[in-house]
Amino acid sequence: LSEGELHTLVLLLSLYAPSIVALTLSSLLSDFAYLRNQTAHIALGNIAAILLTAFFFSLAEAPTLPFVPLYFTVSAYLRLVFTAFTVFSKPDREHPRLLLVLSDRNIGGAGRWLLTYLRSADRERFDIHVALPENAALTKEVKALGYPCHTLGYERSFPFRNTLIALGLMLKLRPDLVNTSASLSARIAAFITRVPVRLYTRHCVYRPSPLFASKTLRFLNRQLSRLLTPNAIAVAHNAKDNLVSMGIDPKRIQVIANGVFPIERKEEKATILKRRLSIDNEPIAVICARLEKDKSVDTLIEAIAYLKNEGEPYHALIVGEGSEKA
């Protein structure tokens, strides 16, 4: 390097090194401010820093290449100043904001869990929002409980359109916690928008794809899940085992059984129902579920048929709605 080039390199390093430190500190302070519900302040501070820097350099008659590192440095220090002020300012809102995301249009197990939680949630401590697919059966019930309900596109885990909608929703709400049930689009959006607490709840047990027999794919899925949703909740130990078989680190999975409201048993109603269905005192098996192929209601029907052939007078009551009803 010539003496002039060496001098330029030293100048650039002397400008950039403190700037990188300033940006790192401002990023850490920003994360702390997010946790204190100061999201709007952070956004305004960053915009103000960029605008002030741009205005400062617009006064120069002929900006040249050396202005680039100088612009970067001034912007970094201004952002550090604004984030420092933010940390000591009043939070944007009084309570943490939670966003609960479901990707099912029907009211299945996850939907019942959601309604149970919403009926029991502490509204004085949390600002709770819900996101559901278009034309979801849950929408009416969520709104009837008095909670804001947002539309999140199609009833699938990862349509690209859903990801864009989720990004817009996260930027609008700036939630402190996002809990997703299946929705990969919402998980990606929560990661991009740096939501402080990201959870994924596993409500079901599915047979893992044969692809997960590959150690490489399990490793990649493990790393992706660690990135998108650092913590997972399983509603049963079998659900946890299901996630582990897909490569998820068991240390990051907490088993929390679904809570339900107690059911009051009314003998008179049971007697009337049995009489209407011509059932005496024979044993009864009941399944309450969505009538879809993945619920395997046909297994129950075959089991009852087998018992009847063996002389066991069992009855089956099937409760639910779905495409397999007929």
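The values are calculated or read from the model by the stated rules, or taken from the named source; none is laboratory data. None of these values were measured; they are calculated from a predicted model. Counting neighbours? That spans all protein chains shown, and the Cβs are built from the backbone with ideal geometry, glycine included. Ligands, DNA and RNA are stripped out before the accessible areas are found, and what is left, the full protein with its side chains, is counted by its heavy atoms. Shrake-Rupley method; radii C 1.70, N 1.55, O 1.52, S 1.80 Å.
Within the range 304-326, the residues that satisfy the criterion of being surrounded by 12 or more Cβ atoms within 10 Å (Cβ to Cβ) and under 38 Å from the mean Cα position of the chain (by Cα) are Ala316, Leu317, Ile318, Gly320, Glu321, Gly322, Glu324. Any residue that is among the hydrophobic types (A, V, I, L, M, F, W, C), open to solvent by less than 50 Å² (accessible area, probe 1.4 Å), touching a helix residue (DSSP H, G or I) at 6+ places or on another chain (Cβ under 9 Å) and within 29 Å of Ala239 (Cα to Cα) - is there at least one of those in the range 81-98? No, every residue in the range 81-98 fails to be among the hydrophobic types (A, V, I, L, M, F, W, C), open to solvent by less than 50 Å² (accessible area, probe 1.4 Å), touching a helix residue (DSSP H, G or I) at 6+ places or on another chain (Cβ under 9 Å) and within 29 Å of Ala239 (Cα to Cα).
Among the residues of the range 150-191, those identified as open to solvent by less than 40 Å² (accessible area, probe 1.4 Å) and of a type in the set (Ser, Thr, Tyr) are Thr163, Thr180, Ser181, Ser183, Ser185.
Is at least one residue of the range 202-214 among the polar types (S, T, N, Q) and in contact (Cβ under 8 Å) with a residue 24 or more places away in the chain? No - not one qualifying residue is present in the range 202-214. In the range 89-118, the residues that are closer than 16 Å to Phe261 by Cβ and at pLDDT below 85 form Cβ pairs under 9 Å with partners that are of a type in the set (Lys, Arg) and open to solvent by less than 50 Å² (accessible area, probe 1.4 Å), at six or more places apart or across chains, as follows: Ile107/Arg290; Gly109/Arg290.
Right, Lys325: of a type outside the set (Gly, Ala, Ser) and in contact with a Leu (Cβ under 7 Å, 6 or more places away or on another chain) or not? Taking the combined requirement at face value, the residue satisfies it. In the range 111-149, of all residues being of a type in the set (Ser, Thr, Tyr) and crowded, with 17+ Cβ neighbours inside 10 Å, the one that is farthest from Gly320 (Cα to Cα) corresponds to Tyr147. Here the condition is being among the hydrophobic types (A, V, I, L, M, F, W, C), closer than 30 Å to Leu35 by Cα and either more than 18 Å from the chain's Cα centre (by Cα) or surrounded by 12 or more Cβ atoms within 10 Å (Cβ to Cβ) (or both); of Val286, Val260, Val205, Val195, it holds for Val195 alone. Yes or no: Ala270 more than 24 Å from the chain's Cα centre (by Cα) and exposed (fewer than 15 other Cβ atoms within 10 Å of the Cβ)? Yes: the conditions hold for Ala270.
Out of all the residues in the range 57-73, is one or more open to solvent by 40 Å² or more (accessible area, probe 1.4 Å), at pLDDT 75 or above and not hydroxyl-bearing (Ser, Thr, Tyr)? The answer is no; no qualifying residue exists.
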